[in-house]
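Student: Could you have a look at this structure, given as structure tokens, before my questions?
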């Protein structure tokens with residue numbers, strides 16, 4: 001004799017339904033809030049990348065090279081290139 | 001016996017009813033989720049209806065382009081061409097022309113000539129299908145630097161090295177530029193100048209883009225080798241293999257890389273349909289991009305778009321292996337600067353004063 005209302009099976013059924021509803025609500029919330037935050041902050045993020053570059057380039061020095069340094073630099077570049085090819 | 005059978009049938013009916021109810025709950029909650037999240041359901045429907053639904057899946061599972069067989073490369077190119085042609089409503093070609101042999105590309109920029117007009121920036125944006133309004137990506141950033149920042153004595157440039165003596169040729173450096181900085185400081189520079197007319201006579205202009213380092217730290221930082229240096233010395237990215245971790249951006253001392261935070265805004269009418277797989281083909285959300293020396297042009301023997309757009313001829317491009325190339329001549333005859341030398345990245349982009 002099983003009491004249909006109080007059976008273990010119906011309990012699990014209710015639990016599964018509750019979990020399903022909560023998961024669906026969470027999924028929907030993530031989709032909605034995710035879409036909102038991704039569109040709102042995107043412009044700022046692009047601008048921030050450009051600002052980061054400006055900061056990285058500030059306060060630096062372009063140092064002029066002597067003839068010897070230029071020759072050395074070119075030799076190093078070419079050596080590196082040929083080494084990689086060999 | 002028949003009673004037992006009846007009990008079993010009742011139990012079986014209960015079981016079926018329970019399962020049916022459970023399935024009903026699941027279906028209802030799934031339907032509710034799709035109704036509550038219209039964006040997701042819209043995306044699903046759109047993906048299913050679009051012409052590229054199947055190629056997107058194939059693209060997702062494709063390997064690194066460099067490691068693909070010729071047949072796989074052909075298929076990948078065909079998928080992209082089909083998708084871009086459908087998306088931008090114009091016949092789009094995706095080239096995979098390899099880098100030429102016997103070439104090491106180098107670039108030189110004359111700071112004394114640059115007038116800061118930013119035509120190179122706009123030409124680069126148009127040629128390379130960069131994202132426009134709202135999610136602006138520009139591979140070239142022009143800095144405006146006060147002229148007072150330059151300080152070196154040209155006459156003393158070759159002086160100041162320890163001279164030979166009877167005790168040997170060692171010792172401390174004296175004279176020349178030893179006691180005052182020789183070069184140009186970027187102190188007080190600004191990137192976002194909005195001058196009505198350029199050039200401002202009190203300023204230098206310094207366009208900065210990927211320096212195509214011979215020892216690129218971005219390549220070392222990439223955990224999946226999506227970014228690599230080809231044998232012509234150009235650092236490239238396989239956009240489909242990039243996982244968007246941004247490690248390369250952190251590693252770059254010049255911050256010359258840009259990340260697609262959102263879906264790029266590239267109007268169909270502005271899209272350049274002549275593209276290269278590693279170059280100017282439209283990028284997607286979540287991948288990195290940067291200057292490629294216009295790989296779609298330079299691999300076919302043409303000049304980069306920024307060079308062609310420069311109205312004052314401040315930009316030179318050429319083969320560093322060829323002593324007669326413009327870049328080699330600049331290195332041989334002009335005053336050339338080194339920029340962020342301390343990182344030891346050996347950039348192949350040179351700034352000079354003519």
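Computed from the coordinates by the stated procedures, all read-outs in this text should not be read as laboratory data. Values in this document were obtained by computation on a predicted structure and should not be read as measured data. Neighbour counts are summed over all protein chains in view; Cβ atoms, including those assigned to glycine, are modelled from backbone coordinates with ideal geometry.
Student: Roughly speaking, what % of Cα-Cα pairs in segment B:230-334 are separated by over 23 Å, rounded to a whole number?
Tutor: Working: 2098 of 5460 pairs.
It works out to 38 percent of all Cα pairs.
Student: For segment B:82-146, with equal point scatterers placed on the C-alpha atoms only and solvent neglected, what are the log10 I(q)/I(0) values from the Debye formula at q = 0.13, 0.18, 0.28 1/Å, to two decimals?
Tutor: -0.63, -0.97, -1.23
Student: Give me the number: length gained by fully extending residue B:61 to residue B:86, i.e. 0.36 nm times residue separation minus the C-alpha to C-alpha distance, one decimal in nm.
Tutor: Details: separation 25, 0.36 × 25 = 9.00 nm, distance 2.10 nm.
Once the chain is fully extended between residue B:61 and residue B:86, it gains 6.9 nm.
Student: Helix-derived [θ] at 222 nm for chain A: sum -39500 (n - 2.57) over DSSP H runs of at least 4, divide by residue count, nearest 500?
Tutor: Helices in chain A give a 222 nm mean residue ellipticity of -27500 deg cm²/dmol.
Student: Another one. Calculate, in nm to one decimal, what residue B:193 and residue B:112 gain on full extension: separation in residues at 0.36 nm each, minus their alpha carbon distance. Let's see the in-between values first.
Tutor: Numbers: separation 81, 0.36 × 81 = 29.16 nm, distance 1.82 nm.
Here the answer is 27.3 nm.
Student: Starting from the Cα gyration tensor of segment B:184-240, take the square roots of the eigenvalues, sort them a ≥ b ≥ c, and report rounded, prolate or oblate (rounded when a/c is under 1.5, otherwise prolate if a/b is larger than b/c, else oblate). Walk me through the numbers before you get to the answer.
Tutor: Values: a/c = 3.03, a/b = 2.70, b/c = 1.13.
In terms of gyration-tensor shape, prolate.
Student: When B:133, B:308 are ordered from fewest to most other Cβ atoms inside 10 Å of their Cβ, what list results?
Tutor: Lowest count first: B:133, B:308.
Student: Which of B:200, A:75 has the fewest other C-beta atoms within 10 Å, and how do the rest follow up to the most?
Tutor: Values: B:200 15, A:75 10.
Sorted ascending by nearby Cβ count, the order is A:75, B:200.
Student: Give the calculated FRET efficiency between residue B:132 and residue A:14 to the nearest 0.05, with a Förster radius of 35 Å applied to their Cβ-Cβ distance.
Tutor: On the way: r = 53 Å, r/R0 = 1.51.
So, using R0 = 35 Å, E works out to roughly 0.10.
Student: When you look at the Cβ of every residue in B:248-258, what mean number of other chain Cβ atoms sits within 10 Å?
Tutor: Working: counts 0, 3, 1, 0, 2, 3, 4, 9, 3, 2, 4.
Across B:248-258, the average partner-chain Cβ count within 10 Å equals 3.
Student: Diagonalise the Cα gyration tensor of segment B:272-330 and give the resulting equivalent ellipsoid semi-axes, square root of 5 times each eigenvalue, largest first, whole Å. It would help to have the intermediate numbers written out before the result.
Tutor: Numbers: eigenvalues 129, 34, 23 Å².
Result for segment B:272-330: semi-axes of 25, 13, 11 Å.
Student: With an 8 Å cut-off on Cα pairs and a minimum separation of 6 or more residues, tell me the relative contact order of segment B:211-354 in percent. Don't jump to the answer; show the numbers that get you there.
Tutor: Working: 197 pairs, mean separation 34.9, N = 144.
Result for segment B:211-354 is 24 percent.
Student: Give me the distance in nm between label points sitting 7 Å out from Cα along the Cα-to-Cβ direction at residue B:19 and residue A:68, one decimal.
Tutor: 8.9 nm
Student: With all pairs of different alpha carbon atoms counted, what Kirkwood hydrodynamic radius in Å does chain A show?
Tutor: Working: mean 1/r = 0.0486 Å⁻¹.
Value: 20.6 Å, from the Cα pair sum.
Student: Going by C-beta contacts inside 10 Å, put B:131, B:95, B:69, B:151 in order with the fewest on the left.
Tutor: Values: B:131 22, B:95 18, B:69 9, B:151 14.
So the residues, fewest neighbours to most, are B:69, B:151, B:95, B:131.
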